[in-house]
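To start, the structure itself, in structure tokens.
The values are calculated or read from the model by the stated rules, or taken from the named source; none is laboratory data. Computed from a predicted model, the values in this text were never measured in an experiment. Positions of Cβ are backbone-derived with ideal geometry, glycine not excepted, and every protein chain shown enters the neighbour counts. In case anyone asks, the SASA skips ligands and DNA or RNA and just uses the protein heavy atoms, side chains included. Shrake-Rupley method; radii C 1.70, N 1.55, O 1.52, S 1.80 Å.
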Amino acid sequence: MHLTGPGVWGPPENPDQAVRLLRRAVDDLGVNFIDTADSYGPGYNEELIRKALHPYPDHLVIATKGGMLRTGPDDWVRAEGRNPYIVALGRPEYLRQQVEVSLHRLGLERIDLYQLHRIDPLVPLEDQLGALAELREQGKIRHIGLSGQPEVTVEQLEQAAEIVDIVAVENLYNIADRSGESILRYAEQRGMVFIPWFPLGHGDLVGPGGILTKAAERYGVTGAQLGLAWLLRHASNTLLIPGTTSVAHLEENLRADEIRLTDSQWDEIEALCATVTPWRPKPVRKHRGGAR
């Protein structure tokens, strides 16, 4: 997501650096999962992945998403007194188009994991997932998942699973914002992958003075490593997607699974993080086209 222009709009300011980061991750460090979306750029992120990594190594799984609208670089800006522009479009004909566009941009004949970026409340869920199921039958999608803005509920996931096989759910979740615990456990019990976005609280937890930054000092690690290590420890079905534009941070993040603390130390960190509430976006209920 961050390998785009400001506001997740347009190409990255330094495309060559972004290409180097992707190649370092996949070719040198063994990263085997990349999470993107047609709305990142829009489109430029998928094109960048193709430029950096195509033809793709056999071990690499690329997940992309569709079904969310963009209007410009200010859509998702965090600012006082405003909500980010998070508006779904789940009409079947639109989703079919977006899958075809993503296939073209990524240079793929089949997308390994395609996620509905946000459930559209104005379109029957069976129509949204039905379109993706048809594309799966045509061999253009291998697996289907759901993404929540900010989260998919257990009820929605149960409804979705009655329509099509769901292998993954991507929700906002981190050590300080665990409101989605029930969906995490629901997915874990049913063998579904759980992909936490905002795993570090939109940076709130690991910036200067962040609660994880302070906690990490006593263990000789970074706040990001601590937050990611907790997620890996907390549930067996967690698949991490920490975004970065820095090779150094990429390498730090990948060392998170080396952290070993005692149960009592983790309890202390959890208690500390429970004292803060990181920011979470709220989907816009109205836009120029009317109520959503």
Legend entry - Filter result (under 16 Å from the mean Cα position of the chain (by Cα), assigned to a loop (DSSP other than H, G, I, E, B), under 20 Å from Thr244 (Cβ atoms) and modelled with pLDDT of 95 or more) within region 35-90: Thr36, Ala37, Ser39, Tyr40
Inset, instruction - Could you look through region 1-26, keep only residues that are without any contact (Cβ under 8 Å) to a residue 40 or more places away in the chain and under 23 Å from Leu103 (Cβ atoms), and pick out the one that is farthest from the chain's Cα centre (by Cα)? - result: Pro15
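Given the options Pro57, Pro92, Pro73, name the one that is open to solvent by 10 Å² or more (accessible area, probe 1.4 Å) and out of contact with any Asp or Glu (no Cβ under 9 Å at 6 or more places or on another chain). Can you show your working first?
Working: Pro57 fails: out of contact with any Asp or Glu (no Cβ under 9 Å at 6 or more places or on another chain); Pro92 fails: out of contact with any Asp or Glu (no Cβ under 9 Å at 6 or more places or on another chain).
Sole residue among the options that is open to solvent by 10 Å² or more (accessible area, probe 1.4 Å) and out of contact with any Asp or Glu (no Cβ under 9 Å at 6 or more places or on another chain): Pro73.
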Inset, instruction - Any residue in region 273-292 that's open to solvent by 60 Å² or more (accessible area, probe 1.4 Å): show its pairings with residues that are at pLDDT below 50 at Cβ separation under 9 Å, as long as the two are six or more apart or on different chains. - result: Arg285/Ala291; Arg285/Arg292; Lys286/Arg292
Inset, instruction - Could you please let me know if Ala88 is closer than 20 Å to Leu172 by Cβ and without any contact (Cβ under 8 Å) to a residue 24 or more places away in the chain? - result: no
Legend entry - region 102-152, residues that are farther than 24 Å from Asn45 by Cβ, surrounded by fewer than 17 Cβ atoms within 10 Å (Cβ to Cβ) and either of a type in the set (Val, Ile, Thr) or touching a helix residue (DSSP H, G or I) at 6+ places or on another chain (Cβ under 6 Å) (or both): Glu126, Asp127
Inset, instruction - Sort out which residues of region 1-36 are under 18 Å from Val61 (Cβ atoms) and exposed (fewer than 15 other Cβ atoms within 10 Å of the Cβ), and write them in order of number. - result: Arg23, Asp27, Asp28, Leu29, Gly30, Asn32
Legend entry - Where Leu53 falls short, out of the listed (1) touching a Leu at 6+ places or on another chain (Cβ under 7 Å); (2) farther than 27 Å from Glu252 by Cα; (3) free of Cβ contacts under 8 Å to residues at least 60 places away in the same chain: (2)
